[in-house]
Amino acid sequence: MTVILIRILSALCTVVISCTCCLAAPPRAAHLDLDVTLDPESREFRATAKWVAAPESRFILHHALSIGSASADGVATPAVPARRTGDMQAWRIDARPGTVLRVEYSGALPRLDRTLDHRQVLSAMPPMAAREGTFLPAGAGWYPRPANLFSYRVRLSLPHDQRGLVPGRLLAEAVPRESGERYVATFSFEQPADGIDLMAGPYVVRERIVKRRDAEPLRLRTYFERDLDALADAYLDDSRRYLELYSDLIGAYPFTEFSVVASPLPTGFGMPTLTYIGSRVLKLPFIRATSLGHEVLHNWWGNGVYPDYARGNWSEGLTTFMADYFYRARESDAAAREMRLAWLRDFAAVPAAADRPLAAFRSRTHGADAALGYGKSAMVFVMLRDLIGDEAFERGIRAFWNRHRFRVASWDDLRRAFEESSGRPLRTFFTQWLDRPGAPRLAVVTARANAQGGTTRLVLEFSQGEPAYALRVSLELVTGKRSEMRWLDISHARETVALAVDAVPDSVRLDPELRLWRTLAREQLPPILRQWIVARAPRLAVVSSDADVRLAAQELARHFFERPAKQVDHIEAVRGPDPLLVIGLHREVDAVLSMLKLPGRPANLSGVGSAQVWTVRDENGGALIGVPIAVISTRDADSLTALLRPLPHYGAQSYLAFDGSRAIERGVWAAPGRLVSVTRSPR
Ligand SMILES: [Zn+2]
């Protein structure tokens, strides 16, 4: 199961591990047959499970469920309760391996807890039922698990006004015509799965059948509550587009169904053949633009080829690279650079103590892990493609898929696929980025030019920390308004490189496009709103005399900052490194900036929209030296109130303009990095 974190626009998601042991073992032919009857309103759950006994017939059920009867090859056999750990009760049946076990069990499930927030749903949840939505997570002990990997068939019976599903192929479905009848659907999952998630709710089901060349038709569905029904067509269209895109890039979609299922909880989970996304966020445009594609792609990476978790989870990085990053790169080069900058910035914010090798990443539990498992991992694929070229990269991706479909694969398997497709050894590349924590601190120490015998040479001295990485890095040669890009190989802690050039450039700049995983210098980290949002001790200066604006500003600050802000009455006296947010009407803001000798309103925002937000690049010092300042300038109190909901979602931006609650302009301040002047030597 994979998870989207919804507050963050870049749609992070994590593979939830139900078992970290033995996944690397070859898939066994275990199979589970389940017959489930559920009444969400009363939360009453009844099930019959059938499977073939393994040498050790122990299994776990949630303590809310108890076993009514058990048999082995049709002969009644006692199911004996064993150890209880937390909410989970272990059971044991004495049966010869190979006999068919049949267990009937039932109970009242815990009530759906709608107070769970987007962080809590990332931890282990019990099986929960309610009329407005039922979610039985794979790891919640609602079925006996016959093996680490197993195929299954589930027959699900629900009241007439409920619809439900599990990942897999829809074999049969009986839709009730009268209220006395029940909805019954049967699903099968033929590939080895590591668990079963079950979802149900008062859904309206929309369906589209898509014909495929050389493959069975595809059944696309939405399971939405009635108030989301208007979005169903758009979700079906976009799902189809993403499925076609990745079928072309990687290999045919390996399943026959894909469904988008609305969840009453604030989550976005991805399982094979479906994604389960919070009803509230389904309405947000970025879910369709990014998260949906990311979840569709997990049907190949994560749910199609399984990561070898014990040896590092490559699937989030590859999915981020081929989904989130791919969409940004398709938008523009600038948008792609912005995403690389965001990865490097997140990494720069990771405390040294929390930094680990990428090979140690299994799933996201906190921000430091996300900076590695998503950011660094995706950047490894950016660097790999730069190194081996687009064609070899694409061939490697397809070969990896063909070879490891529905099997466990490791970073080593990826390396081998790309070594074969590119015909070059990649062990040094993968080892340094996977097994070493941190990043190189690469810098141009000196740049000199000399002319000798009719040729002009540029002699560059580089430094990086020890032990040195083997790096391929781009260098920009700047002459007046012209610039030229060169790629260099650097593999020593201190290294001198000579380049033949036609003319002596004025200056050089290292890796201006940020295509190398490295520790960025301060001048390459432009201020973005997240520094204010997550500040430990934020400060607020409302510089307005309008009572309504003052009220709206206080309310906005409560939504914007994660911690309460300290009020500042005398802005000119503010000192120290804690971030300050200034809010006022346009003319009031202009007056304050001028009084403090700070840079004025950015030209690209002037006169745009009803409210403008920006971080101040205080290059000239101003009166508040060293104080990070962000500004919200508004036409009136209502325009400020309109920012309550959208603004906290834009932490990755340096500046925005809003028309009401709609962002019509946004971006990150350019921070191209330090220009190193080229000195001319006499020879
Ligand atoms: Zn993901």
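Residues checked against (1) at pLDDT 95 or above; (2) open to solvent by 40 Å² or more (accessible area, probe 1.4 Å):
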| residue | (1), (2) |
| --- | --- |
| M595 | no, yes |
| G607 | no, yes |
| S633 | yes, no |
| A637 | yes, no |
| G667 | no, no |
| A670 | no, yes |
Members of the stretch 312-331 that are closer than 24 Å to D435 by Cα and within 12 Å of the ligand (Cβ to nearest atom): N313, W314, S315, E316, G317, L318, T319, T320, F321, M322
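Taking the criterion of being in contact with a Lys or Arg (Cβ under 8 Å, 6 or more places away or on another chain) and not hydroxyl-bearing (S, T, Y), would at least one residue in the stretch 278-285 satisfy it?
In the first step, residues of the stretch 278-285 are kept if they are in contact with a Lys or Arg (Cβ under 8 Å, 6 or more places away or on another chain); the result is none.
Looking for residues that are in contact with a Lys or Arg (Cβ under 8 Å, 6 or more places away or on another chain) and not hydroxyl-bearing (S, T, Y), one finds none in the stretch 278-285, hence no.
Give, as residue ranges, the helices (runs of 4 or more DSSP H) completely inside the stretch 360-416 that count at least 1 residues that are without any contact (Cβ under 8 Å) to a residue 60 or more places away in the chain and acidic (D, E).
It comes to 367-370, 390-404.
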Output for the stretch 567-590, where each listed residue is free of Cβ contacts under 8 Å to residues at least 40 places away in the same chain and among the small types (G, A, S): A573
Residues satisfying the stated conditions in the stretch 40-87, i.e. in contact (Cβ under 8 Å) with a residue 60 or more places away in the chain, under 14 Å from P144 (Cα atoms) and either β-branched (V, I, T) or surrounded by fewer than 13 Cβ atoms within 10 Å (Cβ to Cβ) (or both): V52, I60
Breaking point among (1) open to solvent by 90 Å² or more (accessible area, probe 1.4 Å); (2) within 11 Å of V508 (Cβ to Cβ), for E476: (1)
Close pairs (6 angstrom Cβ cut-off, 6 or more residues apart or separate chains): touching a residue at least 12 places away in the same chain (Cβ under 8 Å) and of a type in the set (G, A, S) in the stretch 319-333, within 16 Å of the ligand (Cβ to nearest atom) and in a helix (DSSP H, G or I) anywhere: A323/G293; A323/H294; A323/L297
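Table: residues versus (1) under 35 Å from the mean Cα position of the chain (by Cα); (2) modelled with pLDDT of 75 or more; (3) within 16 Å of the ligand (Cβ to nearest atom).
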{"residue": "T2", "(1), (2), (3)": "yes, no, yes"}
{"residue": "T48", "(1), (2), (3)": "no, yes, no"}
{"residue": "V52", "(1), (2), (3)": "no, yes, no"}
{"residue": "R58", "(1), (2), (3)": "no, yes, no"}
{"residue": "A64", "(1), (2), (3)": "yes, yes, no"}
{"residue": "A76", "(1), (2), (3)": "no, yes, no"}
Residue in the stretch 367-377 that is surrounded by fewer than 20 Cβ atoms within 10 Å (Cβ to Cβ) and at pLDDT 90 or above present: no
Qualifying positions in the stretch 288-302 - more than 9 Å from the ligand (Cβ to nearest atom) and free of Cβ contacts under 8 Å to residues at least 60 places away in the same chain: R288, A289, L292, G293, V296, N299
Subset of the stretch 564-573 [over 35 Å from the mean Cα position of the chain (by Cα) and either surrounded by 16 or more Cβ atoms within 10 Å (Cβ to Cβ) or at positive phi (or both)]: V568, I571
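Based on this model, can you work out whether A591 counts as of a type in the set (G, A, S), surrounded by fewer than 20 Cβ atoms within 10 Å (Cβ to Cβ) and at pLDDT 95 or above? Even if it seems obvious, please write down each step before you answer.
Numbers: of a type in the set (G, A, S): yes; surrounded by fewer than 20 Cβ atoms within 10 Å (Cβ to Cβ): yes; at pLDDT 95 or above: yes.
Considered against the rule, which asks whether it is of a type in the set (G, A, S), surrounded by fewer than 20 Cβ atoms within 10 Å (Cβ to Cβ) and at pLDDT 95 or above, A591 comes out as yes.
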Strands (runs of 3 or more DSSP E) lying entirely in the stretch 211-279 (those with 3 or more residues that are surrounded by 15 or more Cβ atoms within 10 Å (Cβ to Cβ) and in contact (Cβ under 8 Å) with a residue 60 or more places away in the chain): 257-263, 268-271, 274-278
Counted residues, the stretch 148-175 - those being open to solvent by less than 20 Å² (accessible area, probe 1.4 Å), farther than 24 Å from Y306 by Cβ and either part of a loop (DSSP other than H, G, I, E, B) or of a type in the set (D, E, K, R) (or both): 1
All positions within the stretch 236-251 that are within 22 Å of the chain's Cα centre (by Cα) and either within 10 Å of A262 (Cβ to Cβ) or small (G, A, S) (or both): S239, S247
Residue tally, condition modelled with pLDDT of 95 or more, of a type in the set (A, V, I, L, M) and not in a helix (DSSP H, G or I), over the stretch 417-439: 1
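Let's see how each residue does on (1) closer than 30 Å to A29 by Cβ; (2) under 22 Å from the mean Cα position of the chain (by Cα); (3) buried (at least 19 other Cβ atoms within 10 Å of the Cβ):
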site	(1), (2), (3)
G396	no, no, yes
A399	yes, no, no
R403	yes, no, no
A417	yes, no, yes
S422	no, no, no
R427	no, no, no
W433	no, yes, yes
A451	no, no, no
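Do the conditions hold for G576, that is, is it within 21 Å of I528 (Cα to Cα), open to solvent by less than 50 Å² (accessible area, probe 1.4 Å) and modelled with pLDDT under 95? Can you show your working first?
Details: within 21 Å of I528 (Cα to Cα): yes; open to solvent by less than 50 Å² (accessible area, probe 1.4 Å): yes; modelled with pLDDT under 95: yes.
Yes: the conditions hold for G576.
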Number of positions in the stretch 115-147 that are open to solvent by 40 Å² or more (accessible area, probe 1.4 Å) and assigned to a strand (DSSP E or B): 0
Enumeration of residues in the stretch 285-309 that are charged (D, E, K, R) and open to solvent by 10 Å² or more (accessible area, probe 1.4 Å): R288, D308
Residue among S363, S410 that is over 24 Å from I528 (Cβ atoms), more than 16 Å from the ligand (Cβ to nearest atom) and either under 20 Å from the mean Cα position of the chain (by Cα) or hydroxyl-bearing (S, T, Y) (or both): S410
Of all residues in the stretch 293-347 being in a helix (DSSP H, G or I), in contact with a Lys or Arg (Cβ under 6 Å, 6 or more places away or on another chain) and not hydroxyl-bearing (S, T, Y), the one that is farthest from A378 (Cα to Cα): A335
Checking R96 against (1) open to solvent by less than 50 Å² (accessible area, probe 1.4 Å); (2) closer than 20 Å to S69 by Cβ; (3) outside any strand (DSSP E or B), the condition it does not meet: (1)
Every pair of residues 6+ apart whose Cβ atoms lie under 9 Å, when the first sits in the stretch 466-480 and is at positive phi while the second is open to solvent by 10 Å² or more (accessible area, probe 1.4 Å): G480/D506
Index of the failed condition, F658 passing every other in (1) under 22 Å from E562 (Cα atoms); (2) open to solvent by 30 Å² or more (accessible area, probe 1.4 Å): (2)
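The values are calculated or read from the model by the stated rules, or taken from the named source; none is laboratory data. Predicted, not measured: the structure shown is a model, and the values here were computed from it. We place every Cβ from the backbone using ideal geometry, glycine too, and count neighbours over all the protein chains shown. Side chains included, ligands, DNA and RNA excluded: accessible areas come from the protein's heavy atoms. Shrake-Rupley method; radii C 1.70, N 1.55, O 1.52, S 1.80 Å.
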